[in-house]
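Remarks on the structure that follows.
The values are calculated or read from the model by the stated rules, or taken from the named source; none is laboratory data. Quick caveat: nothing in here was measured; it's all calculated off a predicted structure. All Cβ positions, glycine included, derive from the backbone under ideal geometry; neighbour counts span all protein chains shown.
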Amino acid sequence: MDDLAATNRTDGTSGAAEPTAAPGTESGPLPGGRAQPKTDKSEQTRALILETAMRLFQERGYEKTTMRAIATEAGVSVGNAYYYFSAKEFLIQGFYDRMTHDHAADARNRMANTRDFSERLQITLESWLDTAAPYHEFAAQFFRTAADPTSSLSPFSNESHPARATAVELFRDVLQGSELAPKLDAELVELLPDVLWLHLMVVVLYWVFDRTEDTERTREFVRRSTPMAARVINLSRYRVFRPIVRDAKGLIQDFILPTIGKTAVK
């Protein structure tokens, strides 16, 4: 863990009081021991801690930023910081949640005036790159958490279900708002949002390792791969390709989707 243990403080903050919820707004646990604050003040404190952490990660790097430093910079006690995020690693989940919502809002705004599926998909992927750009310097930490299949912080885990569901719903809008959706098999239309999210994960992985200026290689990968993906999806509506489409759907349903957590942790 970081410089302190969540349950055994060594800086004199052991037993630090947790924020008290307003009457009738009890807090419940989130994945990783995070609190589920219900009051406006609690939400503001949680947001402050997260924003401070993201800024310090950018300025100092993830490894050199401690929970103590985050708490000090945010003007809260270390115990309070641990109340909202049980370890520094869980700030990554908080970041993932927030960035997913920011990305969805930005992408929907950008693609509002086009119904071309290929354009909508490319806009959505480029929107993610723009939204994530300020955090590229410590992106390797995202990869380490995502690469561990047992980690609750993996984008594929049950704990990540809320953010993942937001992203999948965005890709459902990409498809449903396009001219292509009415032409496709209904079962394929239901399956494609998850597949398109997996395509985003491929882009993210490439982006993590991209050290070109403004991650230009990743952007070029998006520009070149998106029309190709759109053409393949478009061809699936033709009868001659349906046996291949059925085989592909079977592989995705039997071997890929079962590895993705579908249930939010309560």
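Selection of first residues in segment 46-70 that are over 13 Å from LYS88 (Cα atoms) and of second residues that are β-branched (Val, Ile, Thr), restricted to Cβ pairs under 9 Å at least 6 apart or on distinct chains, gives the following pairs, ordered by first then second residue: LEU48/VAL76; GLU59/THR65. Please work out if ASP97 is part of a helix (DSSP H, G or I), among the acidic types (Asp, Glu) and within 24 Å of THR226 (Cα to Cα). No.
Here's the yes/no breakdown for (1) closer than 22 Å to THR124 by Cα; (2) part of a helix (DSSP H, G or I):
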residue	(1), (2)
TYR206	yes, yes
ARG223	yes, yes
ALA230	yes, yes
ILE233	yes, yes
ARG237	no, no
PHE241	no, yes
LYS249	no, yes
ASP254	no, yes
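Being in contact with a helix residue (DSSP H, G or I) (Cβ under 8 Å, 6 or more places away or on another chain) and either buried (at least 20 other Cβ atoms within 10 Å of the Cβ) or outside the structural domain of ARG98 (by TED's automatic domain parsing) (or both) is the requirement here; does PHE171 meet it? Taking the combined requirement at face value, the residue satisfies it. Every condition in (1) among the small types (Gly, Ala, Ser); (2) assigned to a helix (DSSP H, G or I); (3) surrounded by fewer than 21 Cβ atoms within 10 Å (Cβ to Cβ) is met by SER127 except one, and the failing one is (3). Among the candidates PRO162, PRO193, which residue alone is over 13 Å from the mean Cα position of the chain (by Cα) and either closer than 24 Å to ASN234 by Cα or surrounded by 14 or more Cβ atoms within 10 Å (Cβ to Cβ) (or both)? Every option except PRO193 fails the conditions.
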